[in-house]
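**Student:** Structure in structure tokens, see below.
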Amino acid sequence: MSDPSAAENSARETTAPAEAASASKPAPAGRPAPVSESAPVSESAPAKKATARKTASVKKAAVKKTAAAQGTAGAQGTVAAQGAAPARRKASAVKPESRTALVRRARRINRELAEVYPYAHPELDFENPFQLIVATVLSAQTTDLRVNQTTPALFAKYPTPEDLAAADPQEVEEILRPCGFFRAKTKSVMGLSRALVENHGGEVPGRLEDLVKLPGVGRKTAFVVLGNAFGRPGITVDTHFQRLVRRWRWTEATDPDKIEAAIGALFPKSDWTMLSHHVIFHGRRICHARKPACGACPIAPLCPAFGEGETDPEKARKLLKYEKGGFPGQRLKPPQSYLDAGGIPAPPLGAAG
């Protein structure tokens with residue numbers, strides 16, 4: 001396309017000398033001087049040819065400039081379109097998951113995990129409901145392994161709620177020191193023991209509404225006790241459970257109670273306790289918080305977060321923990337099924353190595 005303004009400027013530059021010469025002539029007497037811009041100007045044949053050549057040259061340059069600009073814009077648009085294409089394909093490929101599809105995927109993940117961890121179990125050592133509830137309270141902000149290494153001395157000295165309720169707080173603190181926050185935890189377990197003695201005859205109650213009224217006991221602890229000491233279904237929403245169900249997009253909730261309700265609606269009640277064990281086992285062994293072993297994950301095809309961690313199979317296998325990586329587990333006295341599967345008991349407190 002030509003540039004009209006450029007042609008007009010060229011024409012003005014060509015006619016300017018002639019207009020200036022005409023304007024320099026004195027106007028006849030009695031007549032006003034002609035306006036130079038409207039006055040006709042006669043050009044010789046050579047001048048006309050020179051003007052035409054210059055105009056054509058200007059038009060040609062304008063056409064080239066326009067074409068170049070259009071070509072650059074077109075190329076940029078093509079590159080942008082090519083760059084956006086994968087994003088569009090990715091966005092179109094990820095469709096909102098229906099409720100039915102979510103339920104099916106969640107239950108399939110649980111079935112897959114049940115095959116990987118047929119020996120899944122609570123990873124706190126206990127022999128009765130009292131030991132389990134105390135161990136669960138002590139597990140806050142520390143590992144189950146550390147609790148398991150600490151409670152043998154505690155239960156050897158204070159085997160019943162009556163014994164622990166009447167204990168010397170300083171002696172209990174000294175025993176619980178390895179668990180961290182030992183002063184606060186001493187108050188919790190001693191207060192819990194007194195409540196059991198005063199309100200429940202020294203027995204751990206088997207109802208949720210009674211358990212959550214005990215000092216230091218919330219819904220998570222209550223469901224651990226109900227599911228593993230009384231055989232009553234419950235979902236244990238600990239840090240591993242929260243992290244994985246959000247990573248798997250089973251829920252976007254962050255409040256533990258809302259997570260419990262959302263996940264409970266995806267599974268039959270009879271699955272709740274073992275579901276908790278499967279998820280927690282997987283979170284501790286493979287799907288770690290900072291660097292999940294995606295390349296060694298048995299449910300990778302079902303996981304929307306695949307790729308957040310190490311995807312190379314060899315490198316991923318080096319990230320596995322506990323029995324999956326050939327290391328000791330968290331319990332000093334694990335179930336026989338765990339030992340049969342190759343699990344190694346944890347060492348006692350103070351053991352070498």
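**Student:** Of all accessible surface on the range 103-161 at a 1.4 Å probe, what whole percent is carbon and sulfur?
**Tutor:** 50
**Student:** Under the definition of Cα pairs under 8 Å and six or more residues apart, what whole-number percent is the relative contact order of the range 149-259?
**Tutor:** Normalised by residue count, the contact order of the range 149-259 is 16 percent.
**Student:** I need the P(r) histogram for the range 125-281: all alpha carbon pairs, bin width 5 Å from 0 out to the longest distance, whole percents.
**Tutor:** 1, 10, 18, 22, 18, 14, 9, 5, 2, 0
**Student:** Hey, another quick one. Length gain on complete extension for the stretch residue 265 to residue 349, per 0.36 nm per residue less the alpha carbon to alpha carbon distance?
**Tutor:** My answer for the length gained is 26.2 nm.
**Student:** Extension gain residue 210-residue 111, at 0.36 nm per residue separation less the Cα-Cα distance, in nm?
**Tutor:** Full-extension gain reported as 32.4 nm.
**Student:** Between beta-carbons, use under 9 Å as the cut-off and find the net charge around residue 309, counting Lys and Arg +1, Asp and Glu -1.
**Tutor:** 0
**Student:** Quick check on the range 113-173: take the gyration tensor over C-alpha atoms, sort the square-rooted eigenvalues as a ≥ b ≥ c, and tell me if it's rounded (a/c under 1.5), prolate or oblate.
**Tutor:** prolate
**Student:** Quick one: length gained pulling residue 337 to residue 95 fully straight, 0.36 nm per residue minus the C-alpha distance?
**Tutor:** Between residue 337 and residue 95, full extension yields an extra 83.0 nm.
**Student:** Work out, in µm²/s and without decimals, the Stokes-Einstein translational diffusion coefficient of the range 162-243 at 20 °C, 1.002 mPa s, Rh from Kirkwood over C-alpha pairs.
**Tutor:** Reported coefficient: 157 µm²/s.
**Student:** Which listed residue (259, 155, 205) has the Cα farthest towards the positive end of the charge dipole for the range 153-265, taking +1 on Lys and Arg C-beta and -1 on Asp and Glu C-beta about the Cα centre?
**Tutor:** Most positive-ward Cα: 259.
**Student:** Filter 291/315; 220/258; 185/333 down to the pairs with a C-alpha to C-alpha distance above 19 Å, please.
**Tutor:** Pairs exceeding the cut-off: 185/333.
**Student:** Here is a further query. Each residue of the range 155-171 in turn: what ³J(HN,Hα) in whole Hz from Karplus with 6.51, -1.76, 1.60 and θ = phi - 60°, glycine and Pro shown as x?
**Tutor:** 6, 5, 8, 10, x, 10, x, 4, 5, 6, 5, 9, 6, 7, x, 5, 5
The values are calculated or read from the model by the stated rules, or taken from the named source; none is laboratory data. All figures in this text were calculated on a predicted structure; none of them were measured in a lab. Positions of Cβ are backbone-derived with ideal geometry, glycine not excepted, and every protein chain shown enters the neighbour counts. Please note that ligands, DNA and RNA were not included when accessible areas were found on the heavy atoms of the full protein model with its side chains. Shrake-Rupley method; radii C 1.70, N 1.55, O 1.52, S 1.80 Å.
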